[in-house]
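The values are calculated or read from the model by the stated rules, or taken from the named source; none is laboratory data. Being a predicted model, the structure only gives us computed values, none of them experimental. Glycine gets a Cβ as well: all are built from the backbone with ideal geometry, and neighbour counts include every protein chain shown. Heads up: the accessible areas ignore ligands, DNA and RNA and are worked out on the full protein's heavy atoms, side chains in. Shrake-Rupley method; radii C 1.70, N 1.55, O 1.52, S 1.80 Å.
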Amino acid sequence: MNALVLTAAGSSTRMGGQVKKEYLTISTGPEGRVSVLSQSLSAFLSTKLFSIIVITVPEGGEAAARAVLAEDSRVALLLGETGALLFFTEGGATRQASVFAGLETALAKKNTAASPDSTKSDDLVLIHDAARPFVKAETIEAVIERAREKGAAVPAIPSVDTEKEIDSNGKITRHLDRSSIVAVQTPQGFALDALVRAHRAASGDGNTYTDDAEIWGRYAGDVWTCPGDRANRKITYAGDL
């Protein structure tokens, strides 16, 4: 079983905060209004590889998210074709807290749907930023394949810039070897049960983690990479769209 946690609980402050970036329009056509959120969701549904999908939303934001998705006719069509179950959960104050809430929902829904005699422990979950609407099926499938083999996988692309480490005053303190530096993207894939346990541990350790790979690396084991895609960019500023 594959689950997806699609993160859309942020405030989009770097976009100006007036309209959530996940709700912005990419295009309009026969399918209706294609938003950043509906395009991201459709990319995963089109693979027909997911049984449970959880979208994290701001507090009280489920109705707005449902309304945005309803404008893109592909969403209802793909949900009907795949039989995937779609759920919403309110996020927290940080991305880490929001993903944790989404994971707990995904695990609960998986356990509810499982038969009483089921003993499968190879269920995967992919965590994806809804603000990356241009993810391709090849990337999704590569993450699933690598995560099923290794337990944890993230798509990565080589760094094209010369990276430096600096201190709080802006002085360069270390010159990094670009050949060993990569930029990681989402979706990030993991064994579901193990990632939930790792998030539970991380939620009480007082640290802040920038992504799920860091949490897995701290509490569950090694994280492996698979090829990413430069087109899989994240919508962060108005100019990105």
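Which fully enclosed strands (runs of 3 or more DSSP E) of region 154-193 have 1 or more residues being in contact (Cβ under 8 Å) with a residue 40 or more places away in the chain?
Counting at least 1 such residues, we get 182-184, 188-191.
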Unmet requirement for E145, which otherwise passes all of (1) in a loop (DSSP other than H, G, I, E, B); (2) open to solvent by 50 Å² or more (accessible area, probe 1.4 Å); (3) at pLDDT 95 or above: (1)
Conditions (1) part of a helix (DSSP H, G or I); (2) open to solvent by less than 90 Å² (accessible area, probe 1.4 Å); (3) under 30 Å from V34 (Cβ atoms): number failed by R132: (1)
Positions within region 182-227 being of a type in the set (A, V, I, L, M) and under 14 Å from V154 (Cα atoms), in sequence order: V182, A183, V184, A191, L195, A213, I215, V223
From A152, A201, A114, residue being open to solvent by less than 70 Å² (accessible area, probe 1.4 Å), at pLDDT below 95 and either under 23 Å from G91 (Cβ atoms) or of a type in the set (A, V, I, L, M, F, W, C) (or both): A114
Qualifying residue in region 76-84 (condition: at pLDDT 95 or above and crowded, with 18+ Cβ neighbours inside 10 Å): yes
Residue match in region 41-59 (condition: at pLDDT 95 or above, open to solvent by 30 Å² or more (accessible area, probe 1.4 Å) and part of a strand (DSSP E or B)): no
Residue, nearest to F134 (Cα to Cα), within region 19-32, restricted to residues that are open to solvent by 50 Å² or more (accessible area, probe 1.4 Å) and part of a strand (DSSP E or B): I26
Subset of region 169-185 [closer than 18 Å to D229 by Cα and loosely packed, with under 10 Cβ neighbours inside 10 Å]: S179, S180
Breaking point among (1) in contact (Cβ under 8 Å) with a residue 40 or more places away in the chain; (2) part of a strand (DSSP E or B); (3) not aliphatic (A, V, I, L, M), for F88: (1)
